[in-house]
1. Go through the stretch 45-73 and give me each residue that's open to solvent by 30 Å² or more (accessible area, probe 1.4 Å) and part of a strand (DSSP E or B).
2. Would you check if there is a residue in the stretch 85-96 being open to solvent by 30 Å² or more (accessible area, probe 1.4 Å) and assigned to a strand (DSSP E or B)?
3. Pick from Glu122, Glu129: which is of a type in the set (Asp, Glu), assigned to a strand (DSSP E or B), modelled with pLDDT of 75 or more and open to solvent by 40 Å² or more (accessible area, probe 1.4 Å)?
4. Condition test on Thr76, is it in contact with a Phe, Trp or Tyr (Cβ under 6 Å, 6 or more places away or on another chain) and modelled with pLDDT of 85 or more?
5. Residues of the stretch 1-39 being modelled with pLDDT of 70 or more and either on the phi > 0 side of the Ramachandran plot or open to solvent by less than 30 Å² (accessible area, probe 1.4 Å) (or both), which ones?
Amino acid sequence: MDNINIIPFKKEHAHYIISNPMNDPAIQIAPQFKKYALFLEIPGMSFTAIKDGKIVVSGGIGILWDNVAEGWVLATNDIWKNPISIARHVKKKLDILTKTYKVKRLQTAVKADFVLGIKFAEWLGLKSEGLMKHYGPDGADYIRFAKIYWYVICRWSNNWTIPEKNS
C-alpha cells in the first residue's frame, strides 16, 4: 500500500508547495506571483495528495467554458520519494475530474524549459499545440498542451463511431 491520501485542495496547500523547494528548479515561483495560487481552489475540482503527513502534490481543473478545462499540477521535492505512484494518483484523479465535468478538451501550459513537466504532460496523454511566447506571469515562454476526449464527443453526438482525429 502506498499510503497516499487524497484530500480537497486548499489555497494554503499551494502556498506550502511554492514556498518550499518544488520538484524542479525550472519552475520556482517568484514571491510576487504566489497570489495566483488563490484562484486554484475550486471546490470539487482540485485535490492534494499527502504522503507521510506532508503535502506532495496538488492539482485540478478549472472550467473555462462549456466542456473545456485548464488543468494544473504543483509538486514539492517530496514527489521524488514515490514518483510513479504519485503520478498515477494524479492521472487517476484528473481522469475522474474530466469525466465528472464532461470535459472534451483539457489543456495546460508548461514552462518551455521544464523538460520533466513536458514529459509528464505527454505521459498524461496531452499533445503539444505550440509555443506561447512571453505567456507566464514572469514573461517566460510556455508550451500549450491539450487532450481531446473523443469518447465524450461521440457520446454527446449519440454517434458511437470515433470521429477521425485531425491532430
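1. Once the filter is applied, which keeps residues that are open to solvent by 30 Å² or more (accessible area, probe 1.4 Å) and part of a strand (DSSP E or B), the stretch 45-73 yields Ile50, Lys51, Lys54, Ile63, Leu64, Trp65, Glu70, Trp72, Val73.
2. Within the stretch 85-96, none of the residues are open to solvent by 30 Å² or more (accessible area, probe 1.4 Å) and assigned to a strand (DSSP E or B).
3. Numbers: Glu122 fails: assigned to a strand (DSSP E or B).
Every option except Glu129 fails the conditions.
4. no
5. Once the filter is applied, which keeps residues that are modelled with pLDDT of 70 or more and either on the phi > 0 side of the Ramachandran plot or open to solvent by less than 30 Å² (accessible area, probe 1.4 Å) (or both), the stretch 1-39 yields Asn3, Ile4, Phe9, His13, Ala14, Ile17, Ile18, Met22, Ala37.
The values are calculated or read from the model by the stated rules, or taken from the named source; none is laboratory data. Owing to the predicted nature of the structure, the values given are computational and were not obtained by experimental measurement. Glycine gets a Cβ as well: all are built from the backbone with ideal geometry, and neighbour counts include every protein chain shown. Ligands, DNA and RNA are excluded from the accessible area calculation, which covers all protein heavy atoms including side chains. Shrake-Rupley method; radii C 1.70, N 1.55, O 1.52, S 1.80 Å.
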